[in-house]
Amino acid sequence: MTTRIDEIADGLYRLSTFVPAIAAPAGFTFNQFLVVADEPLLFHCGLRGMFGAVSEAVARVLPLDRLRWIAFGHVEADECGAMNDWLAAAPAATVAHGALGCMVSLNDLADRPPRPLADSETIDLGGKRVRHIDTPHVPHGWEARVLLEETTGTLLCGDLFTHVGDGPALVESDIVGPAIAAEEMFQATCLTPATAPTIRRLADLAPRRLAVMHGSSFAGDASGALRELAGYYGRKLESATRAQAA
């Protein structure tokens, strides 16, 4: 198992591990994102079984013990399975998550106390700055959230825009179509009255890049892509509501 390294924005690295057996024949990528700053941050811990490959990739960018922050979108094995391995490798690092996620899961799961964040709270990393945004149940998980790296305009959007295959690290082509195809395949997103409005709220942040956990990241009209994705979920909810009423 190997992990590929690509710089998708200034000081922001995508660490991608391709698993061909998942969603075969296309395969599936598991991506972490390393924000290099005075206080470096890793977004997504990865599965415990991937820790060796991913940590070796991080070490090619910076020493593991330089990590100061560990973050992820929600509590799920591919997002935080290796969390305590990272805490052991980076003794000065702290897990930072939304207050709800800390309360219901991470205060117990993490080997060191996590840092709870309020909605829209920011962490100054020194040269980079990340804003925490609560997105309950979007794409799934009560404690779900995303991060906006403000200096590069990169939305670390977790499972939003998930798509299959081992494409380029960064694309400017359509990612909404592939994301819809993957959603129809996996049915992974919570479909609630808040789904589309929450995604539209992210579009209002006017990000310039989307750092996607499964699939290629995107540079271009990120707000437009988010609004298009929100429209899909809005129509999907309307269709499901009509079907239930019939």
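Observations on the model:
- Beta bridges per DSSP, both residues in the chain: antiparallel share near 70 percent.
- Karplus (6.51, -1.76, 1.60) ³J(HN,Hα), θ = phi - 60°, over region 35-43, in Hz, Gly and Pro reported as x: 9, 8, 7, 4, 10, x, 10, 10, 9
- Taking label positions 7 Å along the Cα-Cβ direction at both Arg112 and Asp65, the computed distance is 1.3 nm, reported to one decimal.
- For Leu117, the residues 5 or more places off, or on other chains, whose built amide H falls under 5 Å of its own are His97, Gly98, Ala99.
- Residue-averaged [θ]222 nm for the chain, counting only DSSP H segments that reach four residues, each worth -39500 (n - 2.57): -8000 deg cm²/dmol
- Residue-wise HN-Hα couplings along region 19-33, as the Karplus relation 6.51 cos²θ - 1.76 cosθ + 1.60 with θ = phi - 60° gives them from phi, are 10, x, 6, 8, 6, 4, x, 5, x, 8, 9, 10, 10, 10, 10 Hz; Gly and Pro carry x.
- Residue by residue, region 113-120 carries 3J(HN,Hα) couplings of x, x, 9, x, 10, 7, 4, 6 Hz when phi is fed to the Karplus relation 6.51 cos²θ - 1.76 cosθ + 1.60 (θ = phi - 60°); x denotes Gly or Pro.
- Amide H to amide H, with H built 1.01 Å from N, Thr189 comes under 5 Å of no residue 5 or more places away or on another chain.
- Nearest-0.05 FRET efficiency for Ile22 and Glu56, computed from C-beta distance (R0 30 Å): 0.90
- Label zone (Ala181, point 7 Å along Cα-to-C-beta; backbone nitrogen cut-off 19 Å) within region 22-43: 22-30.
- GNM flexibility winner over the chain from Ala225, Ala82, Ala181 (Cα, springs under 10 Å): Ala181
- Protein heavy-atom surface of the chain, 1.4 angstrom probe: 53% of the accessible area is carbon and sulfur, with nucleic acids and ligands not counted.
- With the biggest extent put first, the Cα atoms of region 152-246 measure 45, 29, 18 Å across the principal axes.
- Tail weight of P(r) past 19 Å, computed on alpha-carbon pairs of region 9-72, percent: 31
- Anisotropy class of region 62-166 from Cα gyration tensor, a/c 1.5 cut: rounded
- Here the spin labels are modelled as points 7 Å beyond Cα on the Cα-Cβ line, and at Val104 and Ala206 they lie 3.3 nm apart.
- Remark: accessible surface ordering of Ile180, Ile22, Ile123 (largest first) is Ile22, Ile180, Ile123, probe radius 1.4 Å.
- Averaging the Cα positions of each part gives two centres, and for region 49-75 and region 97-170 these lie 15 Å apart.
- Average accessible area per residue (Å²) across region 180-224 - probe 1.4 Å, nucleic acids and ligands excluded: 41
The values are calculated or read from the model by the stated rules, or taken from the named source; none is laboratory data. If you're wondering where the values come from, they're calculated on a predicted model, not measured in any experiment. For neighbour counting, all protein chains shown are included, and Cβ atoms are generated from backbone atoms with ideal geometry for every residue, glycine included. Heads up: the accessible areas ignore ligands, DNA and RNA and are worked out on the full protein's heavy atoms, side chains in. Shrake-Rupley method; radii C 1.70, N 1.55, O 1.52, S 1.80 Å.
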